Amino acid sequence: MKKMKKISIIMLAALTAFSMAAFSACGSSVMHSADSSSAEPSTVARTDDGGYSCDVFAMDTTMNIKAYGGSKAKQAVADAAQKIYELDSELSVVRKTSSVYKLNNRETDTVDGSTADVLSESLRLAGATGGAFDPTIYPIVRAWGFTTGKYKVPSDSEIAELLTHVGYDKVSIDTGADGVAKVTFSDDKTELDTGAIGKGYASQVIHDLFRDEGIDSAIATLGGNVMTVGSKQDGSSWTVAVEDPKNTDDYAGYITLNDEFAVTSGGYQRYFDQNGKRYIHIMDPSTGHPVDNDLSSVTIISKSGTEADALSTALYVMGLKKAEDFWRTSDMDFGIILIDTDGKKYVSEDIADRFSVDSGSFETIKKQA
Ligand code: AMP
Ligand code: MG
């Protein structure tokens, strides 16, 4: 099914929200806090289906947050937008005031709050994925130009040198009872980046914020991360489309969600071409090169936004067979939708009955191979 048609059926009113009349400021506090001099306040718009919606640009991507439930939904959307800006300011690798920037530049060795939380989760998930997801890959990502858009293919010797500083085992984090965490690097040049987990973490944070504020129906898209709170207002599940990696104007399939997260990692989302070869933004930490395997997208369905985001990146790095095996043996609870480079779809059996396609078929991944 073509995207525009689908959008009118299931997609969040977000995409049409700004053509409607009733705007009100999200709240004067909803500013891009680190750059407040130049920031535009986000606006919360009333949607034609009785919700409140806000568009946000943060973490280098466009986001939309939408909630239902009268005036408390309006306030909750404003609060969620504010929270995302705060997290962006804390976790950014490029803003000199961010906690992660200060850690990377050895201006501090302690962090707290969300930064401590997301870094602990990053190290846990790096271990759980055998380093396929590795928050210390940043110097490699930067060398290929993905942080600036000035893309280049680094020399083998540059990659080899940078790789000596990569490895999640070079970082430890020790969180005290007061929530303050001491971060220790065993290598002077090791740096951290939350690019593969930050949006998922942020989606988890706003999910919990909505629950705390008494919202039981909300949906948000943070780049390739979708968060749902509860169900739609009529009690039916949310339907989320999975992009076709070969043709992003089209959808590969649909998954229904209820109080869950769906996160997609795909080589098609960010890449550059040089001398007839494609280089994507997801790196294989074992080689220092962009992943070039048999997958073109990985979607994780989970009750944890943080796990969903880290795992989408990790399983992409693993490739089809290892990703399937990881799902079979992991003690984490999640479903997977894999699309290989031939466009073939593979869906884990735990979620297969709520996945659908417009045409063609998909293979079910069984727990017992
Ligand atoms: P995602 O879109 O969630 O798969 O995250 C991809 C982003 O995370 C990239 O743009 C890089 O900034 C960073 N990244 C790339 N490869 C890895 C990796 N293997 N582990 C952790 N972060 C990565
Ligand atoms: Mg990710």
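The values are calculated or read from the model by the stated rules, or taken from the named source; none is laboratory data. For clarity, every value in this text was computed on a predicted model and none was experimentally measured. Positions of Cβ are backbone-derived with ideal geometry, glycine not excepted, and every protein chain shown enters the neighbour counts. Areas reflect the complete protein model, heavy atoms only, side chains present, ligands, DNA and RNA absent. Shrake-Rupley method; radii C 1.70, N 1.55, O 1.52, S 1.80 Å.
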Pseudo-spin-label distance residue 97 to residue 349, built 7 Å along Cα→Cβ, given in nm, is 5.3 nm
How big is the gap, in Å, between the Cα center of region 241-273 and the Cα center of region 135-163?
26 Å
So, for the chain, what is the accessible surface per residue at a probe of 1.4 Å, expressed in square angstrom?
43 Å²
State the extension gain, in nm to one decimal, for the chain segment bounded by residue 328 and residue 106, taking 0.36 nm per residue of separation less the distance between their alpha-carbons.
75.9 nm
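What number, in percent, do you get for the relative contact order of region 99-185 if the mean sequence gap of Cα pairs under 8 Å and at least 6 apart is divided by its residue count? Provide the component values of the computation, followed by the final result.
Values: 86 pairs, mean separation 30.9, N = 87.
Across region 99-185, relative contact order equals 35 percent.
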For region 63-113 and region 275-348, write down the distance between their C-alpha centroids in whole Å.
26 Å
Assigned charges on the beta-carbon of Lys, Arg, Asp, Glu; region 99-185 dipole about Cα centre (debye)
300 debye
Normalising by the residue count of the chain, find the relative contact order in percent from Cα pairs under 8 Å and 6+ residues apart.
14 percent
How many nm is it between the label spots at residue 363 and residue 234, if each spot is 7 Å from the Cα in line with the beta carbon?
3.7 nm
Quick one: pull the percent of accessible area on region 42-201 belonging to carbon and sulfur, 1.4 Å probe, ligands and nucleic acids left out.
48 percent
On a straight-distance basis, which aspartates and glutamates could pair with residue 367 in a cross-link, Cα separation under 20 angstrom, same-chain partners fewer than 8 positions away excluded?
307, 324, 325, 331, 333, 340, 349, 350, 353
